[in-house]
Structures are given as C-alpha cells and as structure tokens.
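Since the structure comes first, as structure tokens, the remarks are kept for the end.
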C-alpha cells in the first residue's frame with residue numbers, strides 16, 4: 001500500500017515538473033521571438049532597426065533587401081555625391097570613386113542586432129543598459145586613392161591663407177580693417193566624413209567638407225588701441241627705374257607690419273635679403289671703388305626713412321649703421337645702411353601697445369608713418385657738423401697721354417663727421433636732448449691721370465711725394481658698446497683738424 005502511494009506521488013511530481021518545463025520553455029520561446037519567427041516570418045527585424053538610415057523594422061530579409069536596393073538605385077540614378085562647404089557645393093561622380101555596397105552583410109548584422117533587442121535576452125540587456133544601437137551602417141567600399149585626388153583638387157580651390165587685420169591710412173588718420181580667417185581642408189577628415197555619411201545616411205547624397213579655420217594672430221581686436229600717428233618721414237626717390245622699383249618692393253614688404261609690445265624689428269628679416277630672388281633689381285649705389293651691393297639700391301632709402309620715423313616716434317633704436325659716404329636723397333646722419341644680419345637696422349617697441357607701420361611710394365615720394373595708441377611730443381632731430389675732411393688726389397701715369405698732359409678721371413668729394421641729436425618732450429612737457437648717432441663719412445679721392453714724366457723731372461717729383469695714405473675706414477663698422485645706434489668710435493678714423501688739406505699721391 002505504501003509502495004503504491006509513493007509511486008503515485010512520484011508520478012505526480014514528475015508530471016508537474018514536465019508541465020513546468022513546457023510552460024517555461026514556451027514562454028521563453030515566445031518572449032525571445034523564436035516562436036514568433038517560426039510562425040510569422042514577415043517580422044524578422046525589430047521595429048526600430050535601420051540600415052544606412054533606411055528603416056527595415058517589421059520586414060523580413062527579402063523585403064528589407066528589396067527596399068535597400070531600391071533606395072540605392074535612386075542614389076545611383078542621381079549619379080553624384082555633393083561635397084558641401086557653407087554655400088558652396090562640389091559634385092563628385094559616384095562612378096569616379098567606384099562605390100560598392102554590401103547589402104547582405106549589412107542585413108546579417110541587422111538580424112543579430114534584432115535578436116539582441118527582443119525576447120528575454122533583449123529585456124535583460126535593456127535592463128542593464130547594454131542594448132545595441134538599432135541604427136546600423138550600410139557596409140560600403142570606394143576607391144580611396146581616387147577620392148583623395150578629388151578632395152585634393154577641391155582643396156586647391158578652397159584653401160586660403162589667413163589675412164591679418166590691416167589698416168587704411170589717410171594722411172595722419174588710420175582706420176583698422178578686420179582680419180579674414182583662413183581655410184585649410186582636412187583631407188583625411190573629409191574622407192572619414194564621406195565614409196560615415198555613405199554608411200549612415202545613404203539617401204542624403206551629400207557630405208560636408210571638413211576644414212580647419214586659421215585665425216590670424218593680428219586681429220582687429222588686438223589693434224583696437226592704434227588710433228593716432230606717432231611720427232612720419234618722407235624722402236624723394238630718384239627717377240631711376242631700378243631704384244624706384246626697389247624702393248617700392250621694400251615699402252611693400254614693410255607696409256602693414258605690426259610691432260607688438262616688447263618685440264624687436266629687424267629691417268633685414270622683413271625686407272631682405274636684397275637679391276633678385278626676393279624681387280629686387282640691381283642698381284649702383286656709389287660710383288667708386290667702395291661701391292656697395294647694387295642690388296639693394298632703393299631698399300636702403302626705405303630703411304633710412306624708416307629709421308628717422310622710428311627715432312622721432314620714440315622707438316628704441318638698438319642697431320643702425322651709416323653709409324660709407326653721403327647719399328643724395330638722405331640728409332647727413334639720417335641714413336641707415338643695411339647689408340645682412342650683421343649690418344642691420346633694428347629697434348624695439350617698448351610701448352605697452354602695438355605699433356603699426358605704413359610705407360608707400362607715390363609720385364617718386366617715399367613716406368613711412370608709424371601709428372600707435374598715444375603720441376608723445378614728436379621728436380625733433382638736429383644735425384651738428386663737426387668737421388670736413390678734404391679728399392686726397394691720386395695721380396696715375398697714363399702713357400696714352402702726351403708728356404705734361406693731364407686728365408681728371410674722377411672729381412673727389414669731401415668727407416664729413418656729424419653728430420645727430422634727438423630731442424623729445426616727456427609727459428610733463430620737459431624736453432630731453434640725447435645723442436642719437438656720431439657718424440663719419442669718408443671722402444671720395446680725386447683721381448688725375450698724367451702723361452709720361454721726363455727723366456729729369458722724376459727725381460724732383462719723387463722728393464715731393466709724401467707717403468701714401470693709411471687704410472681708409474671700413475664700409476659699415478659695428479656699433480659701439482656704449483651706443484648701439486652709432487657706428488664705432490669715429491675719433492680714430494678721421495683727422496682732428498677742422499679742415500685737412502688734400503695731399504697728392506703718385507702711383
């Protein structure tokens with residue numbers, strides 16, 4: 001009896017366990033979508049799933065593929081991919097970049113995603129916040145090399161350098177014009193953006209050109225304090241075409257330069273080197289044995305004009321060299337000779353605000369003006385002539401001349417030493433006078449040719465001929481330690497008397 005009861009209870013428990021297993025399994029199958037999939041193949045993809053921006057929710061594989069292929073056919077019919085930049089559009093023919101879509105692989109990925117979004121597994125992932133995104137890419141390939149070449153061509157039309165803020169000058173007035181941002185196409189970034197667009201939104205048929213903006217350092221905001229003219233200076237330019245051209249070239253390179261507070265300006269760095277490769281034309285400066293590099297003719301006048309404007313404006317001159325001899329277009333002591341980094345014109349902006357440089361050649365007149373925040377009392381320049389040095393006379397034998405005949409080969413010019421003083425008034429109106437430079441300009445020696453000297457006259461001529469002159473001063477000496485804007489100590493380079501008589505030397 002007891003065995004029968006035990007067997008009955010065992011069968012009941014076993015039956016109950018079987019029923020529970022069937023119920024739980026059926027429920028799981030239903031919730032997971034597997035049962036529904038077996039009974040209804042039409043709703044293979046979860047309702048929120050999209051591929052390449054195309055909704056395939058509630059469709060089976062065949063229906064989804066047909067829908068995607070239809071959209072791709074419409075895209076291919078348009079034939080182009082539009083690359084957009086602001087209001088500009090650059091069309092790219094799809095056939096040129098050989099676009100190919102892999103629809104089957106994309107749908108297989110969509111199926112896996114649908115399974116993870118439905119049933120018990122989907123509920124579990126949703127509860128944990130790990131559900132996969134329902135918006136899937138449409139797998140696409142294209143010829144990246146050809147696309148890169150096309151984007152490079154677009155970039156050549158789009159790229160532009162940044163333009164700093166500049167000024168419009170009218171006499172002594174200045175008006176600041178805003179800067180212009182530059183554009184540089186990010187080619188790898190653009191290709192990535194195109195790939196993403198083709199995968200995510202295939203129907204749109206356009207993608208953005210990825211550009212990097214280049215904001216210039218000098219902006220209208222940074223120049224807002226420049227309101228008044230600090231000083232200016234003008235010099236006439238000779239009508240010699242090459243000299244005029246060189247002056248215009250140097251002025252063009254100088255115009256618009258902004259000198260920030262604490263910044264040092266170098267004329268050679270900005271306007272040099274004075275070569276034909278830089279845009280200059282050869283022209284002579286001095287018609288004698290001390291002729292300096294003729295290519296820089298005209299540019300030196302711009303440096304000299306800038307030098308005086310800078311000195312008058314209160315900028316600190318830290319390096320300046322005078323020419324070997326006076327030049328016609330610049331007063332004595334006003335010139336600034338520049339050759340290279342070792343012989344340069346340099347000054348520092350010690351103001352708290354930037355300084356704007358304006359340079360222009362107009363009607364054979366060169367003008368340089370400096371503008372800033374606050375004009376100090378315009379400096380005045382005084383040139384004091386210390387002494388003149390008479391030229392020597394060099395006599396040369398010329399057998400083409402008859403005995404006793406003479407011919408003037410070159411007429412000399414006097415040398416001179418000058419001191420230049422700069423007077424400024426401080427904020428209280430008290431004038432301050434300081435030595436700006438101490439300059440020495442060599443004399444240009446006379447050269448005279450004579451015919452053969454008779455034998456009976458040679459001994460007498462040799463007795464009257466003094467020793468030849470010592471070596472002449474260097475062309476562009478370095479500034480002294482005490483005054484960087486001066487040439488070196490001139491006291492050792494010139495006679496002490498106020499007017500030395502010229503000697504005659506025979507060679």
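The values are calculated or read from the model by the stated rules, or taken from the named source; none is laboratory data. These figures come from a predicted structure and were not determined experimentally. Ideal geometry is used to build each Cβ from the backbone, glycine not excepted, and the neighbour counts take in all protein chains shown.
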Q.
Being under 27 Å from the mean Cα position of the chain (by Cα), without any contact (Cβ under 8 Å) to a residue 12 or more places away in the chain and either under 30 Å from residue 219 (Cα atoms) or assigned to a helix (DSSP H, G or I) (or both) is the requirement here; does residue 149 meet it?
A. yes
Q. Only one of (1) under 24 Å from residue 236 (Cβ atoms); (2) part of a strand (DSSP E or B); (3) at pLDDT 95 or above is not met by residue 382, so which one is it?
A. (3)
Q. Restricting to strands (runs of 3 or more DSSP E) lying wholly in the range 171-219: which have 1 or more residues that are closer than 30 Å to residue 82 by Cα and in contact with a strand residue (DSSP E or B) (Cβ under 9 Å, 6 or more places away or on another chain)?
A. 182-185, 206-208, 211-214
Q: Inspect the range 339-359 for any residue being surrounded by 23 or more Cβ atoms within 10 Å (Cβ to Cβ) and assigned to a loop (DSSP other than H, G, I, E, B) and give the result as yes or no.
A: yes
